[in-house]
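Single-structure report; data block below.
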Amino acid sequence: SYDRGATVAGVVGVGRLITGMDRGLQGMCVNERRHLIVPPHLGYGSIGVAGLIPPDATLYFDVVMLDIWNKNDKLQITTLSKPERCNRTVENSDFVRYHYNGTLLDGTPFDSSYSKGSTYDTYVGTGWLIKGMDQGLLGMCAGEKRSIIIPPFLAYGEKGYGTVIPPQASLVFSVLLVDFHNPKDGVFLEHLEVPESCKRRAVTGDFVRYHYNGTLMDGTLFDSSYSRNQTYNTYIGKGYIIPGMDQGLQGVCMGEQRRVVIPPHLAYGEDGAGKHKIPGSAVLIFDVHIIDFHNPADPVEIETVFRPEGCNVTTRNRDFVRYHYNCSLLDGTRLFSSHDYEKPQEVTLGANKVIEGLNSGLLDMCAGERRVLIVPPHLGHGESGARGVPGSAVLRFEVELISMEEGVPEGYFFIWHGEPPASLYEQMDLNKDGGIPADEFSTFIKTQVAEGKGRLMPTSPQHMPSSDPEKVIADMFRNQDRNQDGKITPDELKLKSDEDQEKIHEEL
């Protein structure tokens, strides 16, 4: 048979072979070698074969068994390994991606997907595979390894395949199922860890910040936000991310950990994504941890923890306030605290000295009141963030108002509690010499404050020296001393209300 370059195939024990060969092959295993000595009466007898085997010849055969099958054979499936978790197994019409080594029954290799460097990708049960493989893949889990022995009538039969698979050859496939999906599949969610306190769930139009690990079904990591040490930030439901993730993040809670399994038609499709090492037709698994989310229309969320009884006076813009605060991210990461310093924080409300959300949250408070403020980024530090604050972060403030001083309107250094004196200049000119120097001006203003007739823009001795009351009065004097000659004349002294009226006339 070696001379002919072709194996011999035949049915044993039904009289199609010489009796000696029929008997000599009985009980042989694949790859077994036998030396058969066949006497003439079990060979070609007294007749022989003309020109080839003389009469009454004893025959010697060196035989190696390459393949055995029976028409009643079925697939032989052996599970070599199986993952612990298996939510679903292969069914007809599924699209599978698998690696394989293919050998003949005697171990001769004929094909391997590993040598090509890519999986074999196809539909199951639709006639695209040989019948034995169509059947042998059914019931497999992603990550499962099987040995599938296929008789020739469920493979390439009498014709074989090209030069690699002989006629009537049984095939042995060692298969590793990498992943599979069905074109009808949607996104599959596993809610791994949902916080007990979930006041609101994300919806289309929300901006979400989350960490993720992205793996293929065989566990291969293709991308991770943790490796970059920054969250992935995006709007959901608006097409900025793959459709499967747009769907998979709907309804998440802050702090939730969720697994999102996405079929390829809702991910990167048949082409995959080279830069992310995602093969074509790959199922993607994202393990996500939601840090926070907000909507661009969100206001500051205010929760009053404690409000003193008999609260009559509350903060307004332009008031000067002292307060303590703790600031953190919604995942509990501590950012800043006034308790790290000796004294409370101080600010004039409405003067653009703190972020808008904190300013809003400090309004309408009583001294001694405590609040929790949830500040969305558009009222905080925005998309860019700040030193120590990530971009687009929602902030949580715990604030306690220590004290407050009633403020003055914007642009004013001093306001009268009632009507100013009719003869203001005469009262201010203490020595009646027709000019008001800085010391006379300062003495007069301090007297008005002491008698409760007016108040200065609030300042604090804790502030820098440039912000103390003396500085405020000096600024007031400099504004009134129009020609900067060191004294105020009757022509120069004007109330701010009169100045504002003059400006309106000028504009008209």
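If you plug the beta carbon distance of D3 and Q250 into 1/(1 + (r/R0)^6) with R0 = 41 Å, you get a FRET efficiency near 0.05. Between the beta carbons of D485 and K453, assuming R0 = 22 Å, the FRET efficiency works out to 0.20 to the nearest 0.05.
The residues packed around Y212, meaning those with a beta-carbon under 12 Å from its beta-carbon, carry a net charge of +2 if Lys and Arg are +1 and Asp and Glu are -1.
If Lys and Arg each add +1 and Asp and Glu each add -1, what is the summed charge of the other residues whose beta carbon sits under 15 Å from the beta carbon of Q257?
-3
A simple count of charges around L36, restricted to other residues whose Cβ falls under 14 Å of its Cβ and scoring Lys, Arg +1 and Asp, Glu -1, yields 0. Residues in the chain average 56 Å² of solvent-accessible surface per residue, probe 1.4 Å, ligands and nucleic acids excluded.
What is the list of residues in the stretch 278-304 whose amide nitrogen lies under 11 Å from a point 7 angstrom out from the Cα of L363, following Cα to Cβ? Zone members listed by number: 300.
Ordering E406, E492 from largest to smallest accessible area (1.4 angstrom probe), what's the sequence? Before the final figure, lay out the partial values.
Values: E406 95, E492 15 Å².
Greatest to least solvent exposure: E406, E492.
Between the Cα long axis of helix 496-507 and the first principal axis of the chain there is an angle of about 70°, rounded to the nearest 10.
All C-alpha pair distances within the stretch 2-65, sorted into 5 Å bins from zero, spread as 4, 16, 23, 26, 21, 8, 2 percent across the bins. Fraction of C-alpha pairs exceeding 20 angstrom in the stretch 76-181: 36 percent, rounded to a whole number. Normalising by residue count, the stretch 149-282 has a Cα convex hull of 160 Å³ per residue.
Rolling a 1.4 angstrom probe over the chain with all protein chains present gives an accessible area of which 50% lies on carbon and sulfur atoms. Here the label points at A422 and K471, each 7 Å from Cα along the C-beta direction, are separated by 4.0 nm in the simple model.
Summarised in one figure, the compactness ratio Rg/Rh of the chain, Cα atoms and Kirkwood Rh, is 1.40. Label point 7 Å out from Y60 along Cα-to-Cβ: which residues of the stretch 6-46 have amide N under 12 Å? Those under the cut-off are 35-38. For the chain, the longest principal axis of the C-alpha atoms and the axis of helix 469-480 are separated by about 70°.
The values are calculated or read from the model by the stated rules, or taken from the named source; none is laboratory data. Predicted model, so just to flag it, every value in this text is computed and none were measured. Every residue, glycine as well, gets a Cβ built from its backbone with ideal geometry; the counts of neighbours run over all protein chains shown. Accessible surface is based on the protein model in full, side chains and every heavy atom, while ligands, DNA and RNA are left aside. Shrake-Rupley method; radii C 1.70, N 1.55, O 1.52, S 1.80 Å.
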